[in-house]
Each structure stands twice: as C-alpha cells, then as structure tokens.
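A quick write-up on the structure given underneath.
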Amino acid sequence: MAVLGNPDMLTRKIKLCHINAHITCRLCDGYLIDATTVTECLHTFCRSCLVKYLEENNTCPTCRIVIHQSHPLQYIGHDRTMQDIVYKLVPGLQEAEIKKQRDFYQKLGMEVPGDIKGDLCNMKTHLDQRNGDTKTDETANKDAGEEKPEEDNDYHRSDEQVSICLECNSSKLRGLKRKWIRCSAQATVLHLKKFIAKKLNLTSFNELDILCNEEILGKDHTLKFVVVTRWRFKKSPLLLHYRPKMDLL
C-alpha cells in the first residue's frame, strides 16, 4: 500500500502484514468480511463470527465490555467504511468473496440474489477498465440509456424476496389493515419501522420496536439476516411483531 504525505517527500510503501492486525477479525483471524462494529466499544469483527459468538455471550470478544445484558445483537452495526477499506487493501478479496456467495447459491439450486449479481457486474466492469477494455463515451451513454428504464422500473424486484407477517402485540397501537407484505431480502428492520410508522401515522419511527421470537431486532439487520439467524427452520412467512418502545418500561 502506498501512503502519500508531503508532496516533497518520497512515497513510502507499507507492507500489508504490518497493518493486518487492524483489518482482521479477532474471532476467525481472517480478513474482515461483512465488517460489523460493536457500538459500545467500536471493535470490529466479521458479522457471521460476531453473531455466532453473541448467541452465547453478551460481551465484546476483544475488550469484554458488556454490550447489552439481554439483547447484544441490537447494539452492533454494519461498518461499510471499514469493509471498503479492507477490500481496497487486500487484492482479490472482494472478488473471491462474491464468487463464494455465487457458488453457494448455485450449489443449493437457488437463484443468485440481485445484489450479488450487481456486484459481479461492477467487478467485471472494473476489471475491464483496469485492463484497458473500456467503451467509448457514445457506447456507454447508449447502454446507460437503454438500461435506465429497466433499472427505474425494477424497485428491487430482482432481489431475493421475503414474505412477512407484521402483527401488533400491544393494545396501544392498532394493527395494519394489510399485515402481509413481500419485499427485498436486503431491506432492513429500519425500513420496516418507517413503513409501519407511515401506515399508522406515527410522529416518529423511533417510537417502535420490532421483534422476532420475542427478541428485539437491531435497526441495521437485513431481513435476510433475520431469516437466517432466527427463522431458518420455520416455514414462510417470517412472523414479526411490533410495539411501542414504552412497552419495555
């Protein structure tokens, strides 16, 4: 990696092994994948490693600080900046991870989710440009014009979909008229909070908690993550409950 300092100074190169401690997961000793940070202490791990660890623990694996007594998973969040840094520093890591995900879905006979397909296309474009196989501006603009209507009309329908039943378990809120919805597996719990708040004319989505199996879900959890970690062996649809935060008091 090249580090640029004062323009009058020579560029100084740093070996990757010298910064490995800052971009690896303490739980698996591998480079961070789907980097997830503990909000209490800001230590970062692979999401799958951290979630598995927190199934039986409520402390940070590094500093042992208590994340939360009963719901530690609610106090972790995806660290996109750190993940981008790792992918930029480690050659071929992102390409290898996307390929693993694609091979995983194909091995199970499942359709590859739209976000992985998009990453593969972006990766191919990046490699083509790096190898000098670039399109002319005229061709690129023409392709962009042809693809724009399809992109605008897609609304994540090409993503893996999740069927959900939203039930109210509080007398302080009314139930939804249409409690059955289907949306992208990449949607987050925060999206659901905003959806429910809009339908119920609430002043703020922050007034809501969403639960699965009586456990409060973190706002950054994707529906795919919820299905895999809390609904893996149960039949569709995914059953979620919502209630006002004051019910916790």
Separation between Cα centres of region 201-240 and region 24-48, rounded to whole Å: 22
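If you average 1/r over every pair of different alpha-carbon atoms in region 161-244 and take one over that average, what Kirkwood value in Å do you get? Don't skip to the answer; put the middle values down first.
Details: mean 1/r = 0.0786 Å⁻¹.
Here the Kirkwood hydrodynamic radius works out to 12.7 Å.
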Exposure of V66 as accessible area (Å², to 10), given a probe of 1.4 Å and all protein chains: 70
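Mind scanning K193/K245; K177/K235; K194/K224; K172/K245; K52/K179; K199/K245 and naming the pairs with a C-alpha gap bigger than 21 Å? Before the final figure, lay out each step's value.
Values: K193/K245 12 Å; K177/K235 23 Å; K194/K224 18 Å; K172/K245 11 Å; K52/K179 31 Å; K199/K245 17 Å.
Cα-Cα > 21 Å for K177/K235; K52/K179; rest within.
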Relative frequency of Cα-Cα separations exceeding 18 Å in region 16-89, percent: 32
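Ignoring any ligand, DNA or RNA, what whole percent of the accessible area of region 161-244 comes from carbon and sulfur when the probe is 1.4 angstrom?
Working: 2420 of 4660 Å².
So the carbon and sulfur contribution to the accessible surface is 52 percent.
Taking every DSSP beta bridge with both residues inside region 161-244, roughly what % is antiparallel (nearest 5)? Before the final figure, lay out the partial values.
Working: 12 of 17 bridges.
Just about 70 percent of them are antiparallel.
The values are calculated or read from the model by the stated rules, or taken from the named source; none is laboratory data. Quick caveat, the model's predicted, so the values are computed rather than measured. Just so you know, the surface numbers come from the protein's heavy atoms only, side chains and all, with ligands and any DNA or RNA stripped out. Shrake-Rupley method; radii C 1.70, N 1.55, O 1.52, S 1.80 Å.
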